[in-house]
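Heads up, the thing below is written out as structure tokens.
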Amino acid sequence: MFNRRGQELDLSRISAETTHLVAIYEASPLISDRTFLLKGRVSQRVGFVHFISEGDYQAICMTLQTPMEVSQYLCFREMYVLRDPKSHEVSEKALVGKYLTDTDDVLDACDEHEFITDRLINDPEEFSVSRMLHEYLERLRLYDANQESLQYHKILSVLAKLKRNVMKQFKQRFLWVMDKASAAEACLPSRMMLPYMDCCFLFLPLEHVEEKARIRLLERYALLCKQDLRSRLCLGIGVSKNYRAPNDPTSFLVHWIHLEGEWEPHAERDAYLSKNPDCFRKTRGIELGLYELN
């Protein structure tokens with residue numbers, strides 16, 4: 001399979017972590033209201049199948065704007081429909097409202113949950129990185145030369161799993177590293193770690209040096225970051241000012257690196273980290289609320 005960029009991806013070699021079976025249909029006046037509201041059923045052959053009208057599915061995607069959120073909602077939806085035989089009596093909007101606030105509550109969803117959906121603060125500018133990726137996901141540093149065609153998709157697959165609260169943090173750090181690179185300010189790289197993905201992120205301002213030197217530095221720090229945080233995945237982003245456009249404050253060179261592999265001790269890196277415990281900015285654990293209501 002080839003995408004529009006001419007990159008080849010063998011889907012047969014990819015195993016999905018989570019699969020949702022969704023039947024999307026167009027509502028017809030010949031379908032009764034009770035049938036129209038049917039949320040799904042269990043098939044003896046393939047398991048649970050979601051029934052969602054075309055309009056409702058579009059509304060879900062507009063409300064829950066990241067792939068991870070839609071996937072989590074479908075997991076909640078399946079659990080709730082199987083648990084509560086009255087789930088078919090409420091609207092899809094009400095079910096989304098319940099998901100937004102009390103997914104662990106044993107109380108039934110009701111019409112009032114629709115108002116919760118209306119109260120969701122849904123500002124893509126706060127967390128969306130699509131515009132940023134469209135501009136800066138062209139320059140990839142291919143750490144594994146044997147899988148060059150997969151690197152682009154591996155990076156996107158990591159970003160697609162980010163929840164909006166984490167994506168907001170990612171975007172803030174991306175803008176931070178651009179500011180530091182633009183000001184040519186010497187500083188330690190920033191990091192963040194996502195335990196639910198076993199993945200760390202590195203944001204490294206790079207100086208105006210030869211490209212191979214920038215790439216080597218990004219590789220070095222990404223390997224140290226992965227080793228230090230003992231993570232299975234690491235996504236590193238290195239940013240420098242574009243020397244070909246020195247007067248353009250919005251022009252940057254962005255290198256990406258994707259590292260994957262089970263953590264194991266490494267004598268050289270462990271020794272370096274032991275001798276240089278302050279080679280990264282300090283990290284701290286924080287609790288992030290997923291949704292905000294007005």
What are the pairs with Cβ atoms under 8 angstrom where one residue, in the stretch 273-288, is part of a loop (DSSP other than H, G, I, E, B) and the other, located anywhere, is basic (Lys, Arg) and modelled with pLDDT of 90 or more? Sequence gap at least six, or different chains. PHE280/ARG191; ARG281/ARG191; THR283/ARG191
Here the residues within the stretch 51-66 that are farther than 15 Å from ASP118 by Cα and surrounded by fewer than 16 Cβ atoms within 10 Å (Cβ to Cβ) are GLU54, GLY55, GLN58
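Yes or no: the stretch 162-177 includes at least one residue that is modelled with pLDDT under 95, assigned to a loop (DSSP other than H, G, I, E, B) and of a type in the set (Lys, Arg).
yes
Scanning for something touching a Cys at 6+ places or on another chain (Cβ under 7 Å), farther than 23 Å from LEU64 by Cβ, not assigned by TED's automatic domain parsing to the domain that holds GLU17 and not basic (Lys, Arg), does the stretch 155-165 turn up at least one residue?
Pass one, the stretch 155-165, residues touching a Cys at 6+ places or on another chain (Cβ under 7 Å): 158.
Those left that are additionally farther than 23 Å from LEU64 by Cβ: none.
No.
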Check whether at least one residue in the stretch 132-140 is assigned to a loop (DSSP other than H, G, I, E, B), modelled with pLDDT under 80 and surrounded by 18 or more Cβ atoms within 10 Å (Cβ to Cβ), and report yes or no. no
Conditions first: (1) within 28 Å of GLN72 (Cα to Cα); (2) not in a strand (DSSP E or B). LEU218 passes all but one, so which condition is the exception? (1)
Got a sec? Which of PHE48, PHE127 is of a type in the set (Phe, Trp, Tyr) and buried (at least 19 other Cβ atoms within 10 Å of the Cβ)? PHE127
Result of the Cβ filter at 9 Å on the stretch 204-216, keeping first residues that are without any contact (Cβ under 8 Å) to a residue 60 or more places away in the chain and partners that are surrounded by 20 or more Cβ atoms within 10 Å (Cβ to Cβ) and among the aromatic types (Phe, Trp, Tyr), at least 6 apart or interchain, is LEU204/TYR221
When every residue in the stretch 58-80 that is part of a helix (DSSP H, G or I), among the hydroxyl-bearing types (Ser, Thr, Tyr) and under 20 Å from the mean Cα position of the chain (by Cα) is compared, the one nearest to SER157 (Cα to Cα) is SER71
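If the requirement is being surrounded by 17 or more Cβ atoms within 10 Å (Cβ to Cβ), modelled with pLDDT of 90 or more and of a type outside the set (Lys, Arg), which of these qualifies: GLU219, GLU260, GLU268? Reasoning before the result, please.
Details: GLU260 fails: surrounded by 17 or more Cβ atoms within 10 Å (Cβ to Cβ); GLU268 fails: surrounded by 17 or more Cβ atoms within 10 Å (Cβ to Cβ).
Criteria check complete, one pass: GLU219.
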Would you confirm, using the coordinates I've provided, whether LEU259 is assigned to a strand (DSSP E or B) and at negative phi? yes
Only one of LYS241, LYS226 is under 23 Å from the mean Cα position of the chain (by Cα), surrounded by 12 or more Cβ atoms within 10 Å (Cβ to Cβ) and over 30 Å from LEU100 (Cα atoms), namely LYS226
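The values are calculated or read from the model by the stated rules, or taken from the named source; none is laboratory data. All values derive from a computational prediction rather than experimental measurement. No Cβ is skipped: glycine too gets one built from the backbone with ideal geometry, and neighbour counts run over all protein chains shown.
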